[in-house]
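What follows is one structure encoded as structure tokens, with my remarks underneath.
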Amino acid sequence: MSPRRPNMESSIYLGSDGWWHGRVTMGVKNDGSPDRRHRRAKTEAAVRRKVKELEKLRDEGRAPKAGRIPTVEQWMETYLNTIAIRTIKPRTWDDYWSKTRNDINPHIGKHRLDRLRPEHLDQLYTDLLAQGHAPSHVLKVHRTLSRALKIAHRRELIGRNVATLVDAPSVEETEANPFTQEQAKDFLKTAAKRRTALRWGFGIGLAVRQGETLGLRWSYLDLDTGECRTEWQLQRLTWRHGCADPHACGSRRHRFDACPTDCTRHRSYKRGCPKPCAKNCTKHASTCPERKGGGLVFTRPKTKKSQRPLVIPPPLIPLLREHKARQEIERAEAGDAWEENDLVFARPDGRPIDPRDDWEEFKEILAEAGISDRRLYDGSRHTGGTILNELGVGMRTIMEIMRHTHLSTTRRYVKSTDPLAQEAARRIGEALWPQAGKTETRTETTSTKDAQARRRRRIK
């Protein structure tokens with residue numbers, strides 16, 4: 001009788017099929033039964049090498065769970081639909097799905113998670129850059145993939161997160177381009193001709209985000225104390241299918257052929273003709289009868305600190321009272337068509353202002369005011385912080401007003417403008433060269449010019 005093998009010892013043998021087989025005990029499964037993994041090879045040396053690799057993973061605690069390992073595409077769907085959707089903001093979830101659907105799955109979606117290599121990620125990032133994507137876009141793809149693989153590693157589906165072995169694409173910080181004080185005045189003067197004039201004064205004067213401004217409610221404004229709270233923000237989210245077969249649901253909208261070069265149908269599209277649909281396209285959720293989770297939605301602000309009270313500049317308080325009175329007139333004129341949302345800044349029928357329309361209005365005001373084009377953030381939030389800095393407000397106070405968690409974030413938002421730089425240069429110049437600025441200048445007269453001419457003649 002052969003002696004009993006010790007626990008956790010592997011076995012290697014030549015099978016009747018002519019292959020060498022190895023069996024490794026990895027532990028126990030969830031149901032309590034032994035977790036034994038099988039490896040096979042043509043030669044004994046090859047199967048011993050595979051067995052040692054498994055034993056090493058087991059001993060280091062990096063062995064993947066028993067069962068079939070999902071592909072990258074399968075795991076990304078599981079991660080986004082069952083894990084990330086409960087922990088991240090809706091807009092962030094939309095962005096993760098966009099990066100997964102358009103960039104991750106087409107390039108590496110068919111790889112099994114445990115066979116994904118750093119080289120695959122390097123090639124993915126190289127291909128995306130070659131296709132013309134910005135480095136910031138590629139960095140977002142890297143972060144999306146890295147967080148999904150981190151959860152897979154934590155749940156023992158893979159032995160390591162290969163995204164940590166790849167250098168993330170480097171991105172140059174986009175420089176803020178806020179208004180100067182004169183430009184801000186011109187912008188507000190031009191905006192004053194519109195019914196949404198106070199929306200822009202509020203955005204610059206309090207340096208609040210677009211969604212927080214459009215989602216501001218009267219119940220969170222105290223015009224007597226001059227305080228307001230941004231408890232909600234307005235965002236446009238992507239619709240999701242609620243039906244059982246998204247591909248069949250969107251069949252009327254599927255387009256599998258690319259548009260001709262002289263296409264006139266999509267002439268008004270700012271981004272050009274839409275891309276053809278994939279064979280298994282599951283888009284077009286906006287037409288789904290059971291669609292969910294999209295459209296204009298009120299969500300909580302970006303951070304918990306964003307809900308702290310803000311002090312309204314005193315000149316805005318009487319303007320807010322006038323704005324409220326005008327809104328009451330609009331409510332009476334709208335009658336039954338009025339949709340009550342308690343919004344400070346709303347359409348004439350009480351419905352929320354679409355962020356897209358708000359962005360287009362910002363661009364129109366820029367053009368009317370003769371101000372160079374820039375991002376909406378530069379013309380509101382960045383401008384408010386920069387003007388506060390020019391007025392001598394400390395960076396810590398600006399951080400509290402803008403409700404940032406880290407001071408470094410505030411420094412990125414606030415641009416040190418020319419007047420401050422000129423004043424700093426003047427001060428250091430006076431400190432190092434105090435006599436340089438005190439040299440006397442005199443105007444040359446006819447007599448001094450004659451004297452200089454006589455001296456030149458004497459030298460000759």
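Where a number appears in this text, it was derived from the coordinates with a stated rule and is not lab data. In this text the structure is predicted, and so the values were computed from the model without any measurement. Using ideal geometry, Cβ is built from the backbone for each residue, glycine included, and neighbour counts are taken over all protein chains shown.
Structural remarks
- Among the listed pairs LYS56/LYS99; LYS140/LYS270; LYS150/LYS304; LYS99/LYS270; LYS193/LYS302, those whose Cα-Cα separation exceeds 27 Å are LYS56/LYS99; LYS193/LYS302.
- When P(r) over Cα pairs in 20 Å bins from 0, in percent is computed from the coordinates, the matching label among (1) 24, 58, 17, 0; (2) 16, 38, 27, 14, 5, 1, 0; (3) 24, 52, 23, 2 is (2).
- Using the average count of surrounding beta-carbon atoms within 10 Å as a protection proxy, the listed peptides 204-210, 242-248 rank, highest first, as 204-210, 242-248.
- 10 Å Cβ shell holding at most 15 others, DSSP loop, GluC sites (Glu not before Pro): longest site-free stretch of the chain: 176-289
- Taking Cα centre as origin and charging only the Cβ of basic (Lys, Arg, +1) and acidic (Asp, Glu, -1) residues, the dipole magnitude of segment 72-165 rounds to 360 debye.
- Dipole magnitude for segment 244-284: computed about the Cα centre from +1 point charges on Lys and Arg Cβ and -1 point charges on Asp and Glu Cβ, it is near 180 debye.
- CD proxy at 222 nm, helix term only [per DSSP H run n ≥ 4: -39500 (n - 2.57); per residue of the chain; nearest 500]: -12500 deg cm²/dmol
- Of interest is the spacing of the C-alpha centroids, which for segment 119-137 and segment 212-291 amounts to 26 Å.
- Reducing segment 354-370 and segment 49-78 to their Cα centroids gives an inter-centroid distance of 53 Å.
- Reachable aspartates and glutamates from LYS52, criterion Cα separation under 18 angstrom, eight or more residues apart if same chain: GLU9, ASP35, GLU44, GLU60, ASP114
- Student exercise, the chain dipole from Lys, Arg, Asp, Glu Cβ charges, in Debye to nearest 20: 1940
- Relative contact order for the chain: 13 percent, from Cα pairs under 8 Å spaced at least 6 residues apart, divided by residue count.
- Between 0 and 90°, nearest 10: helix 316-334 axis offset from the chain longest Cα axis: 70
- Summing charges over neighbours of HIS107, with a neighbour being any other residue whose Cβ is under 12 Å away from its Cβ, gives -1 when K and R count +1 and D and E count -1.
- Acute angle (nearest 10 degrees) that the helix 181-191 long axis makes with the longest principal axis of the chain, alpha-carbon atoms: 80
- Net charge contributed by nearby residues that have their C-beta within less than 14 Å of ALA184 (K/R +1, D/E -1): +1
- Among PRO315, THR299, THR410 - extreme Cα towards positive end, dipole of the chain, charges at beta-carbon: THR410
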